[in-house]
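The values are calculated or read from the model by the stated rules, or taken from the named source; none is laboratory data. Bear in mind that the values here come from a model prediction, so they are computed numbers and not experimental data. Backbone-built Cβ (ideal geometry, glycine too); neighbour counts: all protein chains shown.
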Amino acid sequence: MAYSIESIELFVREMPADRMSFGIGKADDSGKAKATKKRRPRAILLTQLTLKADGKGVVIGCSGDRPSFGWLDKRPDKTPEEKLTLLLDLVEEARDIYLECGKSFETAFDLWLEAEAKVKEKAAEMGAEDLMGSYASALLERALIDAVCRSEKCGFSDALEQDLLGIKPNDVHPQLQEEAFPISHVWSPRVSYAVRHTVGLSDPLDEEDWSEEKRINDGEPETLQEYIEAHGLTHFKIKISGDADADLTRLGEIWNRCLAKNDESKITLDGNEAYTDIGAFADFVDRFEKKLPGMFDHTLFIEQPLTRALTHDLSTTRTVRRIAQKKPLVIDEADGTTDAFRRAFAIGYSGCSHKNCKGVFKSILNKMLCKVFEESTGREAFLSAEDLSNMAIIPLHQDFEVVSVLNLEHCERNGHHYAFGMSHLTKKEKLRIMKLHPEMYYVRDGEIFLKIEGGMLSYFGSAEGFGSDTQPEWKALTPIVRWREKAGA
């Protein structure tokens, strides 16, 4: 099949103010969580890609993501404004690259492989982080996948099973031989997932932390304990700051006040690159095991404890492997290149986070690597599903589509904590998703909310396209050029 990209347009969905604040960064000198301001604008980027297929006409593919520049680029010598401008400039450069490379191509995978490399080259030229290059390419990659699925009149999992995307594993990883890895045998799509609720460094745990004066009183849970009771949560992702004393105190409070009473509690820790010294992190793990043995036993893994630069430092190998004997370690921010997981596993890391904003094809290939790694080394290898801020329609649904085919049992899912339901969508969009996905949403007092019951959320997939049979109401969005002018970005 011969395809060509006719056009790519970029839009912005402006978001209402968050209902709750979020502490994600390191602690200050007093041990309190620093305020995390200017990590991302109140906006979702959305891509509209027009694809022509020989003999099949023209279709529109789309994708979307929060432009979280503060997570993509943590360099202290750049201001938030500089990071946002750099990210948007790079996204526009990526659009031009996909347009040029997409004038004629045979498969989505072939185009991605060519364009992704050029986007990474452009990112390096512009002084952007590898992770930012991954984001820019992945935004266009998802719109491309959606368009191909719509052109072929099938959903994402069917496109994979029928090899309609043309994935060639060993074009990226030599150890993945296609004949030994039939695409259709890699996964069995899931339809239900345990929600792993993120607990920020300053999130209120219970009524003790949340006086009546602080309450929002919008009918939604506000404290961790209220979320547990309302949604039946059993899985939790807890942020740590890099200050071992403050973290152990905070972890003890979370465990003793909220989680210890449930034997089914499963926990992951997220460092967000908080540790700049491998020895200090090793000491934290030892102290965690000794001071909070019950919580330690319920902890599944620790995500991205070290800076992205230190993660792939070979001098850390011995210590990383010693820590990994106690708890598996997962990379996230350090996953800025297609070979990042491969290199991290060689050092001693066990897992890699899946996030659509880092690349769909990359996660599929990483899932294949897990099997090869386990068979060749006898060590555990796995993917985890992480993404705090995915919001409906397109970002959230496309993320569930990939989590489904990767067959991941639980996923970080917490964007709904900071927003009031689907209040960012238009009335027409809400009606569409309620009709298409009654398994995902319910209505309360005229607003739509995610349906989380018994700690679980269901998503049954889309019949056509990648993640949703519907698309945004394009006329309700702002073209990126106009939004950048208004935002000074």
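Is it true that E212 is outside any loop (DSSP other than H, G, I, E, B), exposed (fewer than 13 other Cβ atoms within 10 Å of the Cβ) and at pLDDT below 95? Here the answer is no, as E212 does not meet what is asked.
For residues in the range 239-276 being acidic (D, E) and more than 26 Å from the chain's Cα centre (by Cα), which is modelled with the lowest pLDDT? The selected residue is D263. Quick one: is A489 assigned to a loop (DSSP other than H, G, I, E, B), touching a Phe, Trp or Tyr at 6+ places or on another chain (Cβ under 9 Å) and not acidic (D, E)? Yes: the conditions hold for A489. As a summary of the residue check, Y227 satisfies the conditions (1) free of Cβ contacts under 8 Å to residues at least 12 places away in the same chain; (2) hydroxyl-bearing (S, T, Y); (3) assigned to a helix (DSSP H, G or I) except for the one numbered (1). When restricted to residues that are free of Cβ contacts under 8 Å to residues at least 60 places away in the same chain and in a strand (DSSP E or B), the range 44-56 contains 1. Among what's in the range 336-395 and is within 17 Å of P169 (Cβ to Cβ) and charged (D, E, K, R), pick the residue that is nearest to the chain's Cα centre (by Cα). Applying the filter and picking the extreme gives K362.
For (1) farther than 23 Å from F400 by Cα; (2) buried (at least 17 other Cβ atoms within 10 Å of the Cβ); (3) out of contact with any helix residue (DSSP H, G or I) (no Cβ under 7 Å at 6 or more places or on another chain); (4) modelled with pLDDT under 95, each residue gets a yes or a no:
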site: S63; (1), (2), (3), (4): no, yes, no, no
site: L72; (1), (2), (3), (4): no, yes, no, no
site: K103; (1), (2), (3), (4): yes, no, yes, no
site: E114; (1), (2), (3), (4): yes, no, no, no
site: G127; (1), (2), (3), (4): yes, no, yes, no
site: A136; (1), (2), (3), (4): no, yes, no, no
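Scanning the range 432-473 for residues being in a strand (DSSP E or B) and of a type in the set (S, T, Y) gives a total of 3.
Report whether or not I347 is hydrophobic (A, V, I, L, M, F, W, C), in contact with a helix residue (DSSP H, G or I) (Cβ under 8 Å, 6 or more places away or on another chain) and surrounded by 22 or more Cβ atoms within 10 Å (Cβ to Cβ). When the stated conditions are applied, I347 does not pass them.
Yes/no per residue for (1) within 30 Å of A419 (Cβ to Cβ); (2) assigned to a helix (DSSP H, G or I); (3) of a type in the set (A, V, I, L, M):
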position	(1), (2), (3)
G61	yes, no, no
G64	yes, no, no
V91	yes, yes, yes
R95	yes, yes, no
A117	no, yes, yes
E125	no, yes, no
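Restricting to the range 415-447, and then to whatever is in contact with a strand residue (DSSP E or B) (Cβ under 8 Å, 6 or more places away or on another chain) and within 15 Å of R19 (Cα to Cα), can you tell me which residue is surrounded by the fewest Cβ atoms within 10 Å (Cβ to Cβ)? It comes out as S423. Being in contact with a Cys (Cβ under 8 Å, 6 or more places away or on another chain) and not in a strand (DSSP E or B): is that true of L201 here? No, not satisfied.
Please name all residue pairs, on different chains or six or more residues apart, with Cβ atoms under 7 Å, provided the first residue is in the range 254-269 and is under 15 Å from H410 (Cβ atoms) and the second residue is part of a strand (DSSP E or B) and among the acidic types (D, E). Sorted first by the residue in the range 254-269, then by its partner, the pairs are T268/E303; L269/E303.
Each residue in the range 303-325 was checked for being in a loop (DSSP other than H, G, I, E, B) and surrounded by 15 or more Cβ atoms within 10 Å (Cβ to Cβ), and 4 pass. Kindly evaluate E273 against the criterion of being within 19 Å of Y349 (Cα to Cα) and in a loop (DSSP other than H, G, I, E, B). Here the answer is yes, as E273 does meet what is asked.
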